[in-house]
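Novice: One structure follows; several queries about it will come next.
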Amino acid sequence: MKQRTSTGTGIGGGARRGIRAAVAGALVLATAATVSGCISRPRVHVPTNFPSPSSSSSYDPYGSTPTGYPSDTYSPSPTQETFDPDGRSDVSGSNCDFSNSLRQFTYTVSITNPSSTDSFSYDMAVNWMKARPADGKAYGLHERSIIVGPGDTETYTAKYTVNQSSIGQFWYTCQITRAQKTRM
């Protein structure tokens, strides 16, 4: 028994060549039309009258904050006071001394409250330190809390008595090591 085979797809060879030729021709025409500019592209209108940066517009497209919005920075008004709990900038000292006869260190401390409205308590510490060599050793410590009214200056003498019966020659310095400020 002989079997029949078919190599075609139902469309004759000539018909296939015709379809291919038509598709190729359409592609050539589309390419030629695009290259020659026959197919129009949508036109984009670019305005020529942009507002100048000096115009009265309240919006700056270059990044500044628009008018009417709060800024990101904060600065206190001239009447508003800032508070720093380290009050050493409010304090000065003078007359750093040691009395051999009394075996006593003294130091005059002045505290000026810069506030015009608030009273502050200052927790003070004064040290008499070894000066030669300056090795961080303290000879004595005086601590005191003092309240200073608005705009006032308080002055007192810090004292420390040495417990030794005889003291030879030595070098010392006075230091205000703490002035912790608390609002009253």
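Novice: For a quick check: with amide H placed at 1.01 Å from N, whose amide H comes under 5 Å from ARG178's, ignoring anything fewer than 5 positions away on the same chain?
Specialist: ALA125
Novice: Taking the solvent-accessible surface of protein heavy atoms with a 1.4 Å probe, what is the per residue accessible area of region 106-184 in Å²? Each step should come with its number before you reach the end.
Specialist: Details: 4430 Å² over 79 residues.
Averaged over the residues of region 106-184, the accessible area is 56 Å².
Novice: In addition: Can you check how the C-alpha radius of gyration of region 109-162 compares to 2.2 N^0.38 Å, as a plain ratio?
Specialist: Compared with the compact-globule rule of thumb, region 109-162 sits at 1.42.
The values are calculated or read from the model by the stated rules, or taken from the named source; none is laboratory data. These numbers were taken from a predicted model, which means no experiment stands behind them. Only protein heavy atoms, including side chains, enter the accessible area calculation; ligands, DNA and RNA are left aside. Shrake-Rupley method; radii C 1.70, N 1.55, O 1.52, S 1.80 Å.
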